[in-house]
Amino acid sequence: QVQLVESGGGLVQAGGSLRLSCAPSRNIPSINAMAWYRQAPGKQRELVARISSGGSTYYADSVRGRSIISRDNAKNTVFLQMNSLKPEDTAVYYCRATTGVTDYWGQGTQVTVSS
């Protein structure tokens, strides 16, 4: 079974930066959108950023201007550069890839921002 594998999470001080990466365990043909979600303790999972196969992007208001999503279509890899991190960014970050028929999710990577 194909899995998405996230990396790049960790502990960082407020104001710092992190770059998250997500790649499939093996090639997934015909990926459309790729996205990052996050889930903080006691809260619902929420969309952080999304990028289409053509490069169009969407950002949640909470991260717009502080984050950049990008992808390498040849490697089916998606990245999330997060800057000016805040304690409220603390969450488990999940990667998602969709072909329009099948959704793939990663296991998540923990991001903790200390004040």
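A quick yes/no check of all residues on (1) under 21 Å from residue 1 (Cβ atoms); (2) outside any loop (DSSP other than H, G, I, E, B); (3) touching a Pro at 6+ places or on another chain (Cβ under 9 Å):
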site: 69; (1), (2), (3): no, yes, no
site: 74; (1), (2), (3): no, no, no
site: 79; (1), (2), (3): no, yes, no
site: 93; (1), (2), (3): no, yes, no
site: 101; (1), (2), (3): yes, no, no
site: 105; (1), (2), (3): yes, yes, no
site: 111; (1), (2), (3): no, yes, no
Residues located in the stretch 82-115, provided they are more than 14 Å from residue 35 (Cβ to Cβ), surrounded by 15 or more Cβ atoms within 10 Å (Cβ to Cβ) and under 12 Å from the mean Cα position of the chain (by Cα): 82, 91, 92, 109, 111
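Within the stretch 9-42, take every residue that is among the basic types (Lys, Arg) and more than 15 Å from residue 86 (Cβ to Cβ) and give me the one that is most open to solvent (accessible area, probe 1.4 Å).
Step one: list which residues in the stretch 9-42 are among the basic types (Lys, Arg), which gives 19, 26, 38.
Next, from what is left, pick out any that are more than 15 Å from residue 86 (Cβ to Cβ): 19, 26.
Working: 19: 125, 26: 141 Å².
Selected residue: 26.
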Index of the failed condition, residue 79 passing every other in (1) touching a strand residue (DSSP E or B) at 6+ places or on another chain (Cβ under 6 Å); (2) without any contact (Cβ under 8 Å) to a residue 24 or more places away in the chain: (2)
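The values are calculated or read from the model by the stated rules, or taken from the named source; none is laboratory data. Predicted model only: the values in this text are computed from it and were never measured. We place every Cβ from the backbone using ideal geometry, glycine too, and count neighbours over all the protein chains shown. Heavy atoms of the whole protein, side chains included, go into the accessibility calculation; ligands, DNA and RNA do not. Shrake-Rupley method; radii C 1.70, N 1.55, O 1.52, S 1.80 Å.
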